[in-house]
Structure formats: structure tokens, C-alpha cells
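Structure first, then comments.
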Amino acid sequence: MLFAAQLGTIALALAIIHRPLGHAMALAYTSRRHLRLERWLYRATGVDPDAEQSAGAYARSVIVFSLIGIVLVVAIQLAQPALPWSNGLAAPRLDLALNTAISFVTNTNWQSYSPELTLGYTAQALGLAVQNFLSAAVGLAVAVALFRALAPAARETLGSFWVDLTRGTLRILLPLSFAAAVVLLIGGVVQNLSAPLELTTLTGGTQSIPGGPVASQEAIKLIGTNGGGFFNANSSHPFENPSAATSLLQIVLFLAIPFSLPRTFGEIVGQPRQGRAIVGAMAIMATVSVVLMTAAELAAPGSAPAAAGAALEGKELRFGIPGSTLYASATTLTSTGSVNSMHSSYTAFGGGMAMLNMMLGEVAPGGVGSGMYGMLLLAIIAVFLAGLMIGRTPEYLGKQLGPREMGLASAAVIVSPALVLIGMALSLAVAGLRESVIGESLLSDGAHGFSELLYAFTSAANNNGSAFAGLTANTLWLNLALGVAMLIGRLAPIVLVLMLAGSLAARRALPETSGTLPTHTPLFTGLLIGTTLIISALTYAPALALGPLAEGL
Amino acid sequence: MRHPLLRQSLTALRVLLIMTLVLGIGYTAAVLAVGQVLLPSQANGSLLTHDGEVVGSALIGQSFTDDDGEALEQWFQSRPSAVGYDAAGSGGSNLGPESDELVAAIDERRASIATREGVDPASIPADALTASASGLDPHISPAYAALQAPRIADARGLELSAVQALIDRLIEGRTLGYIGEPRVSVLALNIALAELQ
């Protein structure tokens, strides 16, 4: 009952905000007017805001922006000893700095490090929080470029990446984050520049109370589905997430944009009902997933939960089990990856659901922007499958899908599974790497150890960022391997999506006929869910059998 | 400057630097100003004082043990913690559901709490046996607090009913009746205990 009421509260909040927020985003990306701050920014950076880009130019801008962002974040971390408010922390090792930079630029926010022991306030605010905004704005920009390509009229360009990036940041993410930060402050999240406070406890012991600009970073961490914690314990840390009420708010914050984007999509393509079919698929998959995970945790199978009487290891009392599983489901279904409980200590099936959520490809509803373009790729594959069954040429929103489009969509969908399975294979089959993984990285042996590694590669390749955190990921091999998985898992689908957008944009929508497969109906929603499940289930079933299934059965 | 890639790189660098100013400094400073001016208590960690000294944060748990980690019998005890309530770090055990180490730890905690409190091992609630996610969980369940009350009354020479009244006063219910779990803050309980005498 408590679970249903909390789930209902989240659903109600999203039902209320998705239309106005989706509409506001559609306006932000289609408006012809530039704000004064934006004009100043375009002048200072030499951007011509009215010059539109081809798909190739748009993609090159994304790549260049991301790579230079990585260099800048590495530089900020290495300069840490010279930066103010660093609490005397040294510069991180280069492989760790690189992993962290890739992680935040790709909107993954995988953390090989323990933040309070590694990064000072300046490096977090100037390096990580800034990329929390920008990586989310990149995801939004790519999604919107694809929306424009699916609009009926034929066009040669996809818009300007620089304008989309700027508007997403200044018109959407910044105001939402500021408002969220103030609410989190009221709830007890800290925001100061004080060094950790050393105090004497009631019993005469000592305790160190941490500080930092947490509320500002926390807000965008959630709104932008980034998920990188200011503290090691992430959103289970009382200074990031002080109460059950702030926890529920956090879930709404990171679901808000992903569940509103289908509305934005519907408005930009001129058919809101198309967005409704997609949001329906997202909502159904998310609901089934969270119900299954909660059922597993409440049933508490397994040796440790049985010994304790409940699956409370790695969970905070103030959130309870429903408050923990709602968060764990939502964070793995979006590409957020922040946690308010430790997934590694979940029951085998509960932890397995967290993995399966990511393996769906982060589309239900997925990360900011990335979930929506991921879902549109699956929609295109779904119409293709349906077309094969009924013997018609596939088309989506009147745009004919040829071999080139199908090739691009399929390639984009298999990038992440390929990265996960290749990364796992290398880590376990190459002797030297296996020694590093087993000797230095894994906390557990057997099936749970396999799950720790599988979770890590799944999280990296799908740009989620959560972990079975017993894994020691700060080794040369895992920093580099997971870094590569995050980078390719982010940029390769983006390039393929933009190429797909380029070829779809050039086509004019054909008028609907009696032979057109409608893509706004519940039947299509079902088809889309089926396609998503078949693709992930077939790809990952063997790996899941060796990890969570072996552990739980 | 002619090459488009070089031109895009320069644009990217300029955008990054300006965004770092606006978002990294401007936004952070704006939230800092709101926090420090309008909400200083929360923004600085919801600190609690006793006898004029800051003794902890209302949000962050503490251990009430001696230097060897043995429970001090005159204080309410917190949940187990993977980081020993050292707030310079944070985190959980991350041990899996089939971990022998975790099962052994739970069994040992059950036995030692049963001895300490003089209760039936089967009556000990799960929160007393498991480490939290943050290692800084400030709360215990009302059941675990009630279970500790006789030992504390004994150690402090208080009436049991006085200790129980303290727990009842400090129990926090679910927000709006359905969000979160009923709980009681161990530090708040222990400060109240200290103020009784």
C-alpha cells in the first residue's frame, strides 16, 4: 500500500508536469528569438546563431565539444592542488582523471573514486557540475535534431548545435536546477565552502562533518539524469538526500525531462498522439519493472536477508524498502545512476532487475535526450519488423525507411550490447586482465563477483553510472576499459542518430494511406515494448544467467 | 582558421569557458547566497549543540562506542556501519545477498545484541543487524529503540517509563502518513538523555 501510494505520487507529479514542461521545451527549441544573455554568449564565442548545420556538421560539433570538454575536465582535476577550496587534496592519477572526465562528459557519472577523498569543491563545481549541465544539454540537442528530421517537411539542415546547446542549458536546465536546488536546501541539503568540521561527539569521540557546494550540484545531477554524487554514498548520504520526502522529489526530478520529451517530440512533429504512444511504452515498462524489483526486495529471498529478517543491508531506514526500490528502479531506467541504497546488497533478483533496466538500452524513459532518441531508434526497428510481417515498405511518420536508415538504426542499437559483451570477454578471457580484475577489483567471488563486473560494463556502456559498488574500479584496466565503453557508448549512437536524422530530414513525409501502419495506437505501443524486450533479452540472457540468475536460483 | 574543425574547436573551447563561468561559478554562487542568507542552518549541515558545544549534525549518525568499538551501555546504539560513522568517508558494505561474510556478521550482531540487551535473539529488528547504504544513517526503528530502553534505564538509574517517554516523544512518523518509515534519531535521543540529568 505504501509502495502503491508513493508510486502513485510520482506518477501523478509526472502526469501534471509532462505537458507544460514538454511544451516549454518544444518552444525553447523552435523559437526564433534569442534572449539577451544568449546574444551576448553567441557574440563572445563567435557563433552565428542563425546558421543551421547539416547532419555532418552537427555531429562534428558534438564530437569536438565532447572531446575538448574531456580535456578541460582532466586539466581542472590535475590542477586541483592549485585551486582554492580543495581541502588539501592531491591531483588524481591520470587514468582516474581521464575516466572521471569521460564519465561526466558522456552523462554517465560512473565514479571510480570516492569523491570526498579525491576531489575538492572547486574541481567538483567547475569541472563536474558544469558537465552535468552540458552533457544533458547535448543529449537534448541530439534528440531535438532527430525530432526536426521527423517533422513532415523536407529540410537539408538539422538546426544549430550551438544554439540548441545554449538554449537547453539556459532556458531549461538552469532555471529548473536553481528551483530544485532551493527546494533541496530547504530539505536540508548543504551548500557551503567550509572545510570539514572536526567536532567532539557526545561520547568524547571525534567526527568530521563534511561540507561543500552540494545543493547546486545535486539539483543538476538529478535534472540532467547525470547521477554523480558529491559524496561516495551518493543520494544515500544524508547531506545529499536528507529525508524520504527529498528522496521522492529526487525521483520526480530525474524522471521529469525524460517523461516530458515525448510531448516535445509530438509537438515538433505536429502529432502529439505519436508522443503519447511512446510515453505509454515507457510508462508500462517502468511500472512493471519497479513492481517486480519491489516484490523481490519485500520477499527478501537469499541467505543474508533471511539471516537479518529483511533486505535492509545497504538501505537507509528513513527511505525504507519501497523508497529504496522506487529510487533504484527509476535511476537505472533513466540513465541517472545516482543511488539512495546500495544495489550490490539487493536480493539477487532485485539487483538483476537493476541490471536488466539498464540493458533495455536506457529507454524507459532513459536519460535526458538519450532515452528519447534511443526509443525512436527502437520505434523505427519496430515498424520495420511490422513491415516484414505484413509485407509493406516500412515508414515512420510518413518517412520511408530504406536499407540505409535500417542499417544506421540497427548499428546504433547494438553499440552498447557489443561494448558490454566485448568488455566482459576481454576482462575474463585475457590472462593478465583477468588477474587484475579478480585480484584487485572484485569484492566477491562466484556469481556475485561476475555480477559486479557485468553491472560495471552495463552501466558504463549505457551511460548509467550506478554500480555494484563493492567493485574496486580504480585500476588501470577498468579505468581505461570503462572509459572507452562510456565514450563509445555515448558518441557512436549519437553520430549514427544524427546520420539517420540527416537522411530522414531530406525526405518529405508521404501522405497517410489505408496501407500505413499507424504508430499512435496501443497496438504500436505493444509492438514497441516487444521490440525493446526481444532485443535486450536475446542479447543479454546468457550473461544474466551467469550472474544474478545463478546467484538467485 | 580556415579549417572547419579548427574553427569548431575554438568555438567549443570558448563555449566551455563561458559556460564554466555561468554555471560553475555564477550558478554555484547564487545557490550559495540563497543558502547562506536565507537558510543558513540547513546550508551549514543542520548542526546540533549540547551545553553550548556543537556535538554533531541532526542528519548524520554517530557511533556511541568506546575506543574498541564496544557499545557504551548508557547510550542508545546506532545501526551497524560499514565506515564506522566516520563522516570523512561514506558508503555501505556492498556485500551480496549470498555473502558468507555478511551472513556471519549478521549472526554475530544478533548474538551480541541479544547478550547486551538480555533479549530473545529472534526479537531483534532487521535494522539493528544490517549496515546502511551511507554508513551514516542517523536513525533506528522505534522497535530497536524500545528494545534498548531497559538497558539504558538500568545504566543511568532512570525509570524505564522515563526512557520510553523520551522515545515516544522523538519518534518521527511517515511524511504525510505514507512517505518513508517510522524512525527515531539516535543522536537526538542521546542528547535528550544527556539533558535529563
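Structure notes:
- Scan region B:89-102 for residues that are under 13 Å from A:ALA311 (Cβ atoms) and part of a helix (DSSP H, G or I) and the total you get is 1.
Yes or no, residue by residue, for (1) touching a strand residue (DSSP E or B) at 6+ places or on another chain (Cβ under 7 Å); (2) more than 10 Å from every other protein chain (Cβ to nearest Cβ); (3) modelled with pLDDT under 95:
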site: A:GLN271; (1), (2), (3): no, yes, no
site: A:ARG276; (1), (2), (3): no, yes, no
site: A:MET282; (1), (2), (3): no, yes, no
site: A:MET293; (1), (2), (3): no, yes, no
site: A:ALA304; (1), (2), (3): no, no, no
site: A:GLU313; (1), (2), (3): no, no, no
site: A:THR332; (1), (2), (3): no, yes, no
site: A:SER338; (1), (2), (3): no, yes, no
site: A:SER341; (1), (2), (3): yes, no, no
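- Elements of type helices (runs of 4 or more DSSP H) contained in region B:1-81, each with 3 or more residues being free of Cβ contacts under 8 Å to residues at least 24 places away in the same chain and facing chain A (nearest Cβ under 7 Å): B:4-19, B:28-38
- Checking each residue in region B:122-165 for being charged (D, E, K, R), part of a helix (DSSP H, G or I) and within 14 Å of chain A (Cβ to nearest Cβ) picks out B:ASP127, B:ARG156.
- Any hit, region B:122-141, residues being of a type outside the set (D, E, K, R), in the same structural domain as B:PHE64 (by TED's automatic domain parsing) and over 30 Å from A:LEU248 (Cβ atoms): yes
- Filter result (more than 23 Å from the chain's Cα centre (by Cα) and either closer than 16 Å to A:LEU482 by Cβ or of a type in the set (S, T, N, Q) (or both)) within region A:419-433: A:ALA425, A:LEU426, A:SER427, A:LEU428, A:VAL430, A:LEU433
- The condition (being touching a Phe, Trp or Tyr at 6+ places or on another chain (Cβ under 7 Å) and either more than 20 Å from A:LEU2 (Cβ to Cβ) or open to solvent by less than 10 Å² (accessible area, probe 1.4 Å) (or both)) is satisfied by just one residue among A:MET355, A:MET342, A:MET375: A:MET355.
- In summary, no helices (runs of 4 or more DSSP H) completely within region A:1-89 bear 3 or more residues that are β-branched (Val, Ile, Thr) and open to solvent by 60 Å² or more (accessible area, probe 1.4 Å).
- The listed residue being within 13 Å of another protein chain (Cβ to nearest Cβ) and charged (D, E, K, R), out of A:ASP95, A:ASP164: A:ASP164
- Only residues that are small (Gly, Ala, Ser) and free of Cβ contacts under 8 Å to residues at least 24 places away in the same chain were counted across region A:419-463, and they come to 6.
- Set A:PHE265, A:PHE259: member being over 25 Å from A:GLY352 (Cα atoms), in a helix (DSSP H, G or I) and at pLDDT 95 or above: A:PHE265
- Failed item in (1) touching a residue at least 24 places away in the same chain (Cβ under 8 Å); (2) part of a helix (DSSP H, G or I); (3) at the interface with chain B (Cβ under 9 Å from one of its Cβ atoms), with A:GLN250 passing the rest: (3)
- Residue match in region A:379-394 (condition: under 21 Å from A:ALA550 (Cβ atoms), part of a loop (DSSP other than H, G, I, E, B) and at pLDDT below 95): no
- Given (1) at the interface with chain B (Cβ under 7 Å from one of its Cβ atoms); (2) closer than 26 Å to A:LEU37 by Cβ; (3) of a type outside the set (Ser, Thr, Tyr), number of the condition A:PRO196 does not satisfy: (2)
- Condition broken by B:ASP154, with the remaining ones in (1) touching a helix residue (DSSP H, G or I) at 6+ places or on another chain (Cβ under 6 Å); (2) within 17 Å of B:TRP75 (Cβ to Cβ); (3) open to solvent by 20 Å² or more (accessible area, probe 1.4 Å) satisfied: (1)
- The listed residue being in a helix (DSSP H, G or I), closer than 27 Å to A:THR166 by Cα and of a type outside the set (Val, Ile, Thr), out of A:LEU128, A:LEU96: A:LEU128
- Test for A:LEU128: is it under 30 Å from A:SER86 (Cα atoms), within 11 Å of chain B (Cβ to nearest Cβ) and over 23 Å from the mean Cα position of the chain (by Cα): no
- Complete set of residues in region A:194-230 that are surrounded by fewer than 24 Cβ atoms within 10 Å (Cβ to Cβ) and either touching a helix residue (DSSP H, G or I) at 6+ places or on another chain (Cβ under 6 Å) or hydroxyl-bearing (Ser, Thr, Tyr) (or both): A:SER194, A:THR200, A:THR201, A:LEU202, A:THR203, A:THR206, A:SER208
- Residue satisfying condition, being at negative phi and under 23 Å from the mean Cα position of the chain (by Cα), within set A:GLY337, A:GLY323: A:GLY323
- B:VAL119 assigned to a helix (DSSP H, G or I) and modelled with pLDDT of 95 or more: no
The values are calculated or read from the model by the stated rules, or taken from the named source; none is laboratory data. Quantities reported herein were computed from a predicted structural model and do not represent experimental measurements. Virtual Cβ from ideal backbone geometry, glycine too; neighbours counted across all protein chains shown. Remember, those area values only see protein heavy atoms, side chains included, never the ligands or the DNA or RNA. Shrake-Rupley method; radii C 1.70, N 1.55, O 1.52, S 1.80 Å.
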